[in-house]
Amino acid sequence: MGSIVKDFFSSQTIHKPSNSIFHVSVMPCFDKKLEASRPDFFDEVSQTRDVDSVITSLEIVKLINDLDIDFLSLTESSIDPQFTNVDPDGRFFGTVGGSGGYSDYVLRWSAKILFGLEDVEIKSQQKARNKDFTDFWFEIEGKKVLNFAQAYGFKNIQNVVRLIKSKRCQYDFVEIMACPSGCLNGGGQSRPIEGETSKELLTRVEQSYRDVDGLCLPHLNSQANQLYDLWLDGKFSERSQTLLHTQYHAVEQMDLPIKLEW
């Protein structure tokens, strides 16, 4: 999103240099602040970052309360048509749930591209009593096809890494998240209301995401397709790979003059 705002929006919409835009992103996780500061997301040519500042959901709520803003009294406005995941009829582009949507979509898209299946029944199974590790797949003539997994929390991530290192990993695709229960349980999310436990809040929010009706698959989003056609030279172009993808590198241990205890 940062590259879209700084590159496309600056050149195609406001016609100003990318470094004239201050891009603020609202995220459920404090670690997104560190991610935004990575050198990979800094453009040497324009001397600007993809994302200039990250504030969490918790900080947004505090800001609203500090400013004494009553949202119910504010005048409603239409949704910005640019960069939206909502169509003109109010339907969301995405998949059901607060987390796991990316892997779910990859599996459905793989079924379409590899096997010509438009609508498949996704089957899933949790690992024992571990609600943060789930296998899911679809079947053709009773035979399991493509084995995906969602692994949330560092313990589960470590288990996946061990399987890969020992060459015993049978998964075709694994979606990982550092937080147990995914982004809805992020450290920067809003806190429970008075009388509500953290677990109850998580259950309530998860149910809200499951109750969303009329979802459309992301590849049907006309706004996203226009971005590919007008700005990225197609979905598989070198430009789209450069602006929409990143790489992760091993962090070298710093030689600190003093010993730090965390």
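The values are calculated or read from the model by the stated rules, or taken from the named source; none is laboratory data. Just so it is clear, the model here is predicted, and its values are computed rather than measured. Neighbour counts are summed over all protein chains in view; Cβ atoms, including those assigned to glycine, are modelled from backbone coordinates with ideal geometry. Please note that ligands, DNA and RNA were not included when accessible areas were found on the heavy atoms of the full protein model with its side chains. Shrake-Rupley method; radii C 1.70, N 1.55, O 1.52, S 1.80 Å.
Can you tell me which of (1) open to solvent by less than 60 Å² (accessible area, probe 1.4 Å); (2) at pLDDT below 90; (3) touching a helix residue (DSSP H, G or I) at 6+ places or on another chain (Cβ under 8 Å); (4) farther than 26 Å from residue 150 by Cβ is the one residue 13 doesn't meet?
Every listed condition holds for residue 13 apart from (3).
Return the only residue of 234, 182, 214, 188 being touching a Lys or Arg at 6+ places or on another chain (Cβ under 9 Å), of a type in the set (Gly, Ala, Ser) and closer than 30 Å to residue 89 by Cα.
On the way: 234 fails: touching a Lys or Arg at 6+ places or on another chain (Cβ under 9 Å); 182 fails: touching a Lys or Arg at 6+ places or on another chain (Cβ under 9 Å); 188 fails: closer than 30 Å to residue 89 by Cα.
None of the others qualify; the one that does is 214.
Within the range 37-68, can you find the residues that are open to solvent by 100 Å² or more (accessible area, probe 1.4 Å) and under 18 Å from residue 249 (Cα atoms)?
39
Against the condition open to solvent by 50 Å² or more (accessible area, probe 1.4 Å) and under 20 Å from residue 230 (Cα atoms), how does residue 81 come out, does it pass? Outline the logic, then answer.
Numbers: open to solvent by 50 Å² or more (accessible area, probe 1.4 Å): yes; under 20 Å from residue 230 (Cα atoms): yes.
Spelling it out, residue 81 is indeed open to solvent by 50 Å² or more (accessible area, probe 1.4 Å) and under 20 Å from residue 230 (Cα atoms).
Is there any pair with a first residue in the range 169-194 that is among the hydroxyl-bearing types (Ser, Thr, Tyr) and a second that is open to solvent by 40 Å² or more (accessible area, probe 1.4 Å) whose Cβ atoms are under 6 Å apart and which are 6 or more apart or on different chains, and what are they?
190/58; 190/61
For residue 157, indicate whether it is at pLDDT 90 or above, of a type in the set (A, V, I, L, M) and open to solvent by 40 Å² or more (accessible area, probe 1.4 Å). Break it down into steps so the answer makes sense when it comes.
Numbers: at pLDDT 90 or above: yes; of a type in the set (A, V, I, L, M): yes; open to solvent by 40 Å² or more (accessible area, probe 1.4 Å): no.
For residue 157, the condition - at pLDDT 90 or above, of a type in the set (A, V, I, L, M) and open to solvent by 40 Å² or more (accessible area, probe 1.4 Å) - is not met.
Let's see how each residue does on (1) touching a residue at least 40 places away in the same chain (Cβ under 8 Å); (2) acidic (Asp, Glu); (3) outside any helix (DSSP H, G or I); (4) open to solvent by 70 Å² or more (accessible area, probe 1.4 Å):
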| site | (1), (2), (3), (4) |
| --- | --- |
| 96 | yes, no, yes, yes |
| 99 | yes, no, yes, no |
| 102 | yes, no, no, yes |
| 111 | no, no, no, no |
| 114 | no, no, no, yes |
| 120 | no, no, yes, no |
| 124 | no, no, yes, yes |
| 139 | no, yes, yes, yes |
